[in-house]
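**Student:** Here it is, the structure in full.
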Amino acid sequence: MVTSEATPFAKTGGLADVVGSLSPALRARGEDVAVFLPRYRAISLDGLTRVYDDLPIWLGPVCYSASLYQGEDRGVPYYFLDCPPLFDRDGLYGDAVGDYPDSHLRFAAFSRAALDLVRRIFRPQIIHCHDWQAALVPIYIRTLFAGDPTFFGLKTVLSIHNLGYQGLFDGAILPDIGLDPSLFRPDSLEFFGRVNLLKGGLLYSDALTTVSRKYAQEIRTPKLGFGLEGVLSDRADALTGILNGVDYSQWDPRTDPFIAARYSPDNLEGKRECKADLLDAFSLSRENLGRPLLGIVSRLVGQKGFDLIEQVAASLLDEDLCLVALGTGDPRYERFFTDLAALHPEKVGVRIAYDEPLAHKVEAGADIFLMPSQYEPSGLNQMFSLRYGTVPVVRATGGLDDTIDAETGFKFEDYTGEALLEALRAALAAYGDPETWTAMMLAGMRRDFSWQASAAEYSALYRRLTA
Ligand code: ADP
Ligand code: GLC
């Protein structure tokens, strides 16, 4: 696995959960898996073993000197690229000022180093790359190293976790990342006058996957293809949708160490205590225990549909309910939620932060989980919510559509505030009828979205490729 994120080492979103839990699930099936990650500043070298010194990484005329470290998580070996000028920084992709301007160099060096790892340390049959940050791996294999016997017979898989992030750069960067400028053409890396690394990965990988069946269809249409629908349609035969799983060793109210009380479908008692604890955490009165409590945990970005909540905030808060939101991201939405809490301090609690324990408390303590995404490749939070008996209200897109049905939650189709409000009112009405509500909670809690089935689908794909 070549990836820019994996739990427990580096995380900004669901990609980290996926690689961090798919890998041990594959290992449990007998696959010999290793993961390759950049060594960001937050990853301590304590406990890691240095396995390669002075690895030269050439990018065009420039050479970086790097080392490789090895660690382990749940039996899976992890290799880390230590290259301080590129990765010894506070953020993964950027800081308070914005995205790092040299990320093409950072992830080009990382992808080149992945090929050195393959050459020198861990020789796989398949390199499974994730998102644009690893898309240069198949590109290098098919261009710079075409004809290099090291890579003969080796297959590449590229997983798309989010087509909204493509690795778009100025057309002039190709020599800086060691690629021939002749690749700047429409049937290769050129995309509307810029270089598109994800596009290159889509063209040069042996197989493509994305993280739900519905999203695999949606990205072949102009509406959600982000300009790559043509490339994806041409490669439809190579593209499979495999739904993400949930790591129930981390996300289960029976065992969750972060929540105020444990509970299960056999005994829901503890959930009320979790709700009280959540109200406390957001400084909302415990007098609200009887009211429906809505929860949000999210990157605060356009994809997640917060403009719909903006549109209907006033009507939403006319209802007899409370809302708690945890997230960071776009200043526009951070401000929206902060202002909303300032305007309705008795009903709305907001935490602008990345806070893992609090994310667990929201999953456990809320009654309803809100995910009105404009698009959602898979989404994990709605599946976490099901396990915690927190009924999801979602937009019927991507993985949300594939995982939520009328027995377990509420869905709306149209991307409008009206449609969101209607679904939410249906949820509030159901909440008002304890019998219906408990049945929905239990139906969701009993659904199984563990990695087992999805890991088996990846194994089958690997087998097809190596047959
Ligand atoms: P995405 O990858 O698009 O952000 P997912 O639903 O796949 O969406 O995964 C999001 C993951 O990130 C979940 O594990 C969620 O709990 C976590 N997460 C998102 N925002 C926060 C936050 N502010 N604090 C803690 N965890 C967060
Ligand atoms: C992306 C998507 C999310 C998905 C995650 C892991 O960040 O936005 O829907 O669950 O990747 O695949």
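The values are calculated or read from the model by the stated rules, or taken from the named source; none is laboratory data. What you see is a predicted model, and the numbers here were worked out from it, not measured in a lab. All Cβ positions, glycine included, derive from the backbone under ideal geometry; neighbour counts span all protein chains shown.
**Student:** Quick one: would you say Leu293 is within 27 Å of the chain's Cα centre (by Cα), away from ligand 2 (no atom under 16 Å from the Cβ), farther than 18 Å from Asp355 by Cα and surrounded by 21 or more Cβ atoms within 10 Å (Cβ to Cβ)?
**Tutor:** Yes: the conditions hold for Leu293.
**Student:** Ok, one more. Could you tell me which residue of the stretch 290-306 is farthest from Arg395 (Cα to Cα), considering only residues that are within 16 Å of ligand 1 (Cβ to nearest atom) and in a helix (DSSP H, G or I)?
**Tutor:** This residue is Gly302.
**Student:** Given the condition touching a helix residue (DSSP H, G or I) at 6+ places or on another chain (Cβ under 8 Å), of a type in the set (Gly, Ala, Ser) and in contact (Cβ under 8 Å) with a residue 24 or more places away in the chain, answer yes or no: does some residue in the stretch 329-339 qualify?
**Tutor:** Checking the stretch 329-339: not a single residue is touching a helix residue (DSSP H, G or I) at 6+ places or on another chain (Cβ under 8 Å), of a type in the set (Gly, Ala, Ser) and in contact (Cβ under 8 Å) with a residue 24 or more places away in the chain.
**Student:** Would you mind telling me which numbered condition in (1) in a loop (DSSP other than H, G, I, E, B); (2) not assigned by TED's automatic domain parsing to the domain that holds Gln303 Thr209 fails?
**Tutor:** Answer for Thr209: the failing condition is (1).
**Student:** Continuing with the same structure: Checking Ala6 against (1) of a type in the set (Gly, Ala, Ser); (2) touching a Gly at 6+ places or on another chain (Cβ under 8 Å); (3) modelled with pLDDT under 95, which single condition isn't satisfied?
**Tutor:** Single failed check for Ala6: (3).
Rundown of residues vs (1) in a loop (DSSP other than H, G, I, E, B); (2) within 16 Å of ligand 2 (Cβ to nearest atom), yes/no style:
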| site | (1), (2) |
| --- | --- |
| Thr240 | no, yes |
| Ser249 | yes, no |
| Phe258 | yes, no |
| Asn288 | no, no |
| Ala313 | no, no |
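**Student:** Any idea which residue in the stretch 145-186 is nearest to ligand 1 (Cβ to nearest atom), counting only those that are free of Cβ contacts under 8 Å to residues at least 12 places away in the same chain and assigned to a loop (DSSP other than H, G, I, E, B)?
**Tutor:** Of everything passing the filter in the stretch 145-186, Pro186 is nearest to ligand 1 (Cβ to nearest atom).
**Student:** While we're on this one: Given (1) within 24 Å of Asp252 (Cβ to Cβ); (2) outside any loop (DSSP other than H, G, I, E, B), where does Thr408 come up short, assuming only one miss?
**Tutor:** Thr408 satisfies every listed condition except (2).
**Student:** While we're here: Residues to consider are Lys214, Lys223, Lys199; find the one that is within 16 Å of ligand 1 (Cβ to nearest atom) and not acidic (Asp, Glu).
**Tutor:** None of the other options fit; the residue is Lys214.
**Student:** Ala429 - would you say it is among the small types (Gly, Ala, Ser), assigned to a loop (DSSP other than H, G, I, E, B), surrounded by fewer than 24 Cβ atoms within 10 Å (Cβ to Cβ) and away from ligand 1 (no atom under 13 Å from the Cβ)?
**Tutor:** For Ala429, the condition - among the small types (Gly, Ala, Ser), assigned to a loop (DSSP other than H, G, I, E, B), surrounded by fewer than 24 Cβ atoms within 10 Å (Cβ to Cβ) and away from ligand 1 (no atom under 13 Å from the Cβ) - is not met.
**Student:** Okay, next question. Being in contact with a Lys or Arg (Cβ under 8 Å, 6 or more places away or on another chain) and outside any loop (DSSP other than H, G, I, E, B), is that true of even one residue in the stretch 446-455?
**Tutor:** yes
**Student:** Further question: Just give me the residues in the stretch 1-10 being assigned to a loop (DSSP other than H, G, I, E, B), within 16 Å of ligand 1 (Cβ to nearest atom) and hydrophobic (A, V, I, L, M, F, W, C), in sequence order.
**Tutor:** Phe9
**Student:** Given the conditions (1) buried (at least 21 other Cβ atoms within 10 Å of the Cβ); (2) within 16 Å of ligand 2 (Cβ to nearest atom), which single one is not true for Thr390?
**Tutor:** Unmet for Thr390, out of (1) buried (at least 21 other Cβ atoms within 10 Å of the Cβ); (2) within 16 Å of ligand 2 (Cβ to nearest atom): (2).
**Student:** Only one residue in Thr403, Thr397 is within 16 Å of ligand 2 (Cβ to nearest atom), closer than 19 Å to Val301 by Cα and either over 18 Å from the mean Cα position of the chain (by Cα) or touching a residue at least 60 places away in the same chain (Cβ under 8 Å) (or both), so which one is that?
**Tutor:** Thr397
Conditions tested, residue by residue: (1) surrounded by fewer than 16 Cβ atoms within 10 Å (Cβ to Cβ); (2) at negative phi; (3) out of contact with any strand residue (DSSP E or B) (no Cβ under 7 Å at 6 or more places or on another chain).
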position	(1), (2), (3)
Pro124	no, yes, yes
Cys129	no, yes, no
Asp148	yes, yes, yes
Leu163	no, yes, yes
Ile177	no, yes, no
Pro181	yes, yes, yes
Ser188	no, yes, yes
Gly200	no, yes, yes
Ala207	no, yes, no
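**Student:** Now for a separate question. Kindly list, by first and then second residue, each pair from a residue in the stretch 426-439 that is in the same structural domain as Pro392 (by TED's automatic domain parsing) to a residue that is aliphatic (A, V, I, L, M) and part of a helix (DSSP H, G or I), limited to pairs with Cβ atoms under 8 Å and residues at least 6 apart or on different chains.
**Tutor:** If the second residue must be aliphatic (A, V, I, L, M) and part of a helix (DSSP H, G or I), the pairs left are Ala430/Met440; Thr436/Ala430; Trp437/Ala430.
**Student:** Can you tell me which residue in the stretch 384-405 is nearest to Met441 (Cα to Cα), limited to those that are out of contact with any Pro (no Cβ under 9 Å at 6 or more places or on another chain) and assigned to a helix (DSSP H, G or I)?
**Tutor:** By that ranking, first place goes to Phe384.
**Student:** Another question, then. Filter the stretch 349-367 down to residues that are away from ligand 2 (no atom under 16 Å from the Cβ) and more than 18 Å from Ala260 (Cα to Cα) and give me whichever is surrounded by the most Cβ atoms within 10 Å (Cβ to Cβ).
**Tutor:** Looking at the filtered set, the residue picked out is Gly349.
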